[in-house]
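Take a look at this one; I'll ask things after.
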Amino acid sequence: MAIPLTAGPPATASTRLMWAILGLVLLADALDMIDATVTNIAAPTIAAELHGGEDLIKWLGSAYMLAMGVLLVVGGRLGDKYGQRRLFLIGMTGFTIASTVAGLSPDPALLVIARGAQGAFGALLIPQGMAIMTRTFSRDMLTKAFGIFGPLLGVASVGGPILAGFVIDADIAGLSWRPIFLVNLVLGVLGLGLAVRLLPHDEGDASIRVDGVGSGLLAAAMFGLLFGLVEGPGNGWPAGAVLSVVVGLVFLTAFARRQITAADPLLKPSLLRNRGFGSGLLVGLIVFAATTGLVYVLSLFMQQGLHASARDASLGLLPMTVGIIVAAGACMALIKRMGRTLILIGLAVILAGCGWLLVLVMASGTDLSLWDLAPAVFLTGLGMGTCYGTIFDVAIGDIHPDEAGSASGSLSAIQQLAAGAGSAAVTSIFFRSTGSGLGHAMTTSLIVVVVLTAVTVPAVMLMPRRAPQGLHH
């Protein structure tokens, strides 16, 4: 039976509609979370079967996150201009097609292109769900929705690597890794059917302007920086990689200037002048880059160094994800009272967990079991969850309410870009160091993560002391 969409429906139908829309938005966000993390485990198997080598491993996650990060802010503005329902349908359709192409890809080049397309269409899809709920839900229902979001998306982030591990080991119909992408064809078609049936029509606001020049400058800047970070550390920083980073920085400077002069900037100029917000951006960028890179190299170390199967490696990372969820949940009750102190605690716990891993690897090399690593992996996850649950909330602690939307979109984009850059850079360092053994490669990678994490401490002291009382990212 169709759920009524007419004005002023009975209360029970209206409540049912809101719950149905929430389920649809959660499905869309879960698809994003799963596909952002699924290659953490699957990358070595994919690279081996497609003969893609180290470059494919580095780009599998980075292509998705780069496209997502660059277009995330623009995706929200396009929804405002052309209507959230329309952009949701376009995003879901494109994501489903791109996932199918990824699952059927015969070579590394097409797979990386498909991963980039997944991220791009995901960036059109994800911002619309929150906007639709904010526009159509009652205040009470919004509160319930936000309460459900965190835990369920946490489960999705766990589900990505575990799904990949079990699917690869099951070798369904002899397809190896391909079903991890092809399953999105089923989920995407289901999501499209529900979206057509459930989402309220909206015409958007044609007067809203989208800064195409600013978007292009940001895309060029991020591609230049990320390409340099992917190709540089693993190849001794050749001239091409250095030039790519320099060009990226030039475009980034041009983007910042554009935000000051544009009539409708993607990022409000006042945010660029806000010391607390800027410090939060920097801390978030480095912490997400370092920790995402750590997850990637841990997976590689478990599979290539400790000879764990894809399934066992996914379970080996499970303590980290449990730690993230536990800590992020606990921080929801502590953030208003402790503010940036929680971030410092989280950084200290990350350093303790990485230090523990470093001692284990330096002492035993690859003569370790997943059980040996589990306590240190769990501790590291606790630190990551403490930071993930607080950095962005504290970063908007002293911004004006009018800046909240722009700030939130910027922080989400930074998270995606940092994850792409971090996974690429730390993985490159890992591969660069494998000549002296996988134990040495893991040791080097851990030292890099420890140094990156430690250098953020002074910047945390420049962030606002407290998260805002009336806002929640």
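L56: touching a helix residue (DSSP H, G or I) at 6+ places or on another chain (Cβ under 7 Å), under 29 Å from S433 (Cβ atoms) and open to solvent by 10 Å² or more (accessible area, probe 1.4 Å), yes or no?
Details: touching a helix residue (DSSP H, G or I) at 6+ places or on another chain (Cβ under 7 Å): yes; under 29 Å from S433 (Cβ atoms): yes; open to solvent by 10 Å² or more (accessible area, probe 1.4 Å): no.
The answer is no for L56.
Could you look through region 453-473, keep only residues that are buried (at least 21 other Cβ atoms within 10 Å of the Cβ) and closer than 17 Å to M384 by Cβ, and pick out the one that is modelled with the lowest pLDDT? Before you say what the answer is, go through the steps one by one.
We begin by selecting, within region 453-473, every residue buried (at least 21 other Cβ atoms within 10 Å of the Cβ); these are 453, 456, 460, 463-464, 467.
Narrowing further to those that are closer than 17 Å to M384 by Cβ: 453, 456, 460.
On the way: T453: 94, T456: 93, V460: 90.
Selected residue: V460.
Another one. Condition check: open to solvent by 20 Å² or more (accessible area, probe 1.4 Å), touching a residue at least 60 places away in the same chain (Cβ under 8 Å) and more than 22 Å from the chain's Cα centre (by Cα). Does G339 satisfy that? Steps first, answer last, please.
On the way: open to solvent by 20 Å² or more (accessible area, probe 1.4 Å): no; touching a residue at least 60 places away in the same chain (Cβ under 8 Å): yes; more than 22 Å from the chain's Cα centre (by Cα): yes.
No: the conditions fail for G339.
Being β-branched (V, I, T) and open to solvent by 80 Å² or more (accessible area, probe 1.4 Å) is the filter here, so list the residues in region 246-280 that pass it.
Our first condition is that a residue be β-branched (V, I, T); within region 246-280, this holds for 246-247, 250, 253, 260-261.
Those that are β-branched (V, I, T) and open to solvent by 80 Å² or more (accessible area, probe 1.4 Å): V250, T253, I260, T261.
Under 6 Å between Cβ atoms, at least 6 apart or on separate chains: pull out the pairs that start in region 159-171 with a residue that is closer than 14 Å to Q303 by Cβ and end on any residue that is part of a helix (DSSP H, G or I) and of a type in the set (A, V, I, L, M).
What qualifies is P161/I41; A164/I41; A164/A42; A164/I180; G165/I41; G165/A310; I168/A310; D169/A310.
When region 35-53 is examined, which residues are found to be surrounded by 23 or more Cβ atoms within 10 Å (Cβ to Cβ) and part of a helix (DSSP H, G or I)?
Residues of region 35-53 surrounded by 23 or more Cβ atoms within 10 Å (Cβ to Cβ): 35-43, 46.
D35, A36, T37, T39, N40, I41, A42, A43, I46, listed by residue number.
Run down A327, A290, A313, A308 and say which single residue is assigned to a loop (DSSP other than H, G, I, E, B) and open to solvent by less than 50 Å² (accessible area, probe 1.4 Å).
On the way: A327 fails: assigned to a loop (DSSP other than H, G, I, E, B); A290 fails: assigned to a loop (DSSP other than H, G, I, E, B); A313 fails: assigned to a loop (DSSP other than H, G, I, E, B).
Going through A327, A290, A313, A308 in turn, the sole match is A308.
So which of T380, T321, T366 ends up being of a type outside the set (D, E), outside any helix (DSSP H, G or I) and touching a residue at least 60 places away in the same chain (Cβ under 8 Å)?
On the way: T380 fails: outside any helix (DSSP H, G or I); T321 fails: outside any helix (DSSP H, G or I).
From the options T380, T321, T366, the qualifying one is T366.
I399 is checked against (1) modelled with pLDDT under 80; (2) buried (at least 21 other Cβ atoms within 10 Å of the Cβ); (3) assigned to a helix (DSSP H, G or I) and fails just one. What number does that condition carry?
Status for I399: all satisfied but (3).
Filter region 186-200 down to residues that are hydrophobic (A, V, I, L, M, F, W, C) and surrounded by 16 or more Cβ atoms within 10 Å (Cβ to Cβ) and give me whichever is nearest to the chain's Cα centre (by Cα). Before the answer, list the steps.
Residues of region 186-200 that are hydrophobic (A, V, I, L, M, F, W, C), as a first pass: 186-187, 189-190, 192, 194-196, 198-199.
Retained after the next criterion (residues that are surrounded by 16 or more Cβ atoms within 10 Å (Cβ to Cβ)): 187, 192, 194-195, 198-199.
On the way: L187: 20, L192: 23, L194: 25, A195: 24, L198: 27, L199: 26 Å.
Ranking the candidates gives L187 first.
Residues checked against (1) under 19 Å from A28 (Cα atoms); (2) under 21 Å from the mean Cα position of the chain (by Cα):
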residue	(1), (2)
H51	no, no
L56	no, yes
W59	no, yes
S62	no, yes
A67	yes, yes
R77	yes, yes
K81	no, no
F88	yes, yes
G91	yes, yes
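Looking only at region 60-70, decide whether some residue is surrounded by fewer than 24 Cβ atoms within 10 Å (Cβ to Cβ) and either touching a helix residue (DSSP H, G or I) at 6+ places or on another chain (Cβ under 7 Å) or without any contact (Cβ under 8 Å) to a residue 24 or more places away in the chain (or both).
Going residue by residue through region 60-70, those that are surrounded by fewer than 24 Cβ atoms within 10 Å (Cβ to Cβ) are none.
Among the residues of region 60-70, not one is surrounded by fewer than 24 Cβ atoms within 10 Å (Cβ to Cβ) and either touching a helix residue (DSSP H, G or I) at 6+ places or on another chain (Cβ under 7 Å) or without any contact (Cβ under 8 Å) to a residue 24 or more places away in the chain (or both), which makes the answer no.
In the set V450, V460, which member is out of contact with any strand residue (DSSP E or B) (no Cβ under 6 Å at 6 or more places or on another chain) and more than 29 Å from L266 (Cα to Cα)? Working first, answer last.
Values: V460 fails: more than 29 Å from L266 (Cα to Cα).
Matching residue, one of V450, V460: V450.
Tell me, yes or no, whether region 228-245 has at least one residue that is open to solvent by 30 Å² or more (accessible area, probe 1.4 Å) and at positive phi. Steps first, please.
Within region 228-245, the first condition is being open to solvent by 30 Å² or more (accessible area, probe 1.4 Å), and the residues that meet it are 229, 231, 235-240, 242-243, 245.
Still in the list and also at positive phi: 236-237.
The answer is yes; a qualifying residue exists.
While we're here: How about region 406-430: which of its residues are more than 17 Å from the chain's Cα centre (by Cα) and at pLDDT below 85? Before the answer, list the steps.
Our first condition is that a residue be more than 17 Å from the chain's Cα centre (by Cα); within region 406-430, this holds for 406, 428-430.
S406, S428 - these are the residues of region 406-430 that are more than 17 Å from the chain's Cα centre (by Cα) and at pLDDT below 85.
For G147, indicate whether it is at pLDDT 90 or above and open to solvent by 20 Å² or more (accessible area, probe 1.4 Å).
no
Further question: Would you say V287 is in contact (Cβ under 8 Å) with a residue 60 or more places away in the chain, in contact with a Cys (Cβ under 7 Å, 6 or more places away or on another chain), hydrophobic (A, V, I, L, M, F, W, C) and under 19 Å from I414 (Cα atoms)? Spell out the reasoning first.
Values: in contact (Cβ under 8 Å) with a residue 60 or more places away in the chain: yes; in contact with a Cys (Cβ under 7 Å, 6 or more places away or on another chain): yes; hydrophobic (A, V, I, L, M, F, W, C): yes; under 19 Å from I414 (Cα atoms): yes.
Criteria met by V287.
Just to be sure I understand the filter: pairs with C-beta atoms under 7 Å, separated by 6 or more residues or on different chains, first member in region 242-271 and touching a residue at least 12 places away in the same chain (Cβ under 8 Å) and under 22 Å from L78 (Cα atoms), second member among the aromatic types (F, W, Y) and part of a helix (DSSP H, G or I). Which pairs pass?
The qualifying pairs are L271/F277.
Checking the structure you have, find out if any residue of region 209-216 is touching a Ser or Thr at 6+ places or on another chain (Cβ under 9 Å), open to solvent by 40 Å² or more (accessible area, probe 1.4 Å) and without any contact (Cβ under 8 Å) to a residue 40 or more places away in the chain. Walk me through it before giving the result.
Step one: of region 209-216, the residues touching a Ser or Thr at 6+ places or on another chain (Cβ under 9 Å) are none.
No, region 209-216 has no match at all.
Here are V457, V450: which of them is within 24 Å of M65 (Cα to Cα) and in contact (Cβ under 8 Å) with a residue 24 or more places away in the chain? Explain how you work it out, then say what you get.
Working: V457 fails: within 24 Å of M65 (Cα to Cα).
Every option except V450 fails the conditions.
The values are calculated or read from the model by the stated rules, or taken from the named source; none is laboratory data. A quick note: this is a predicted structure, and the numbers were derived from the prediction, not measured. Positions of Cβ are backbone-derived with ideal geometry, glycine not excepted, and every protein chain shown enters the neighbour counts. SASA here: full protein model, heavy atoms, side chains in, ligands and nucleic acids out. Shrake-Rupley method; radii C 1.70, N 1.55, O 1.52, S 1.80 Å.
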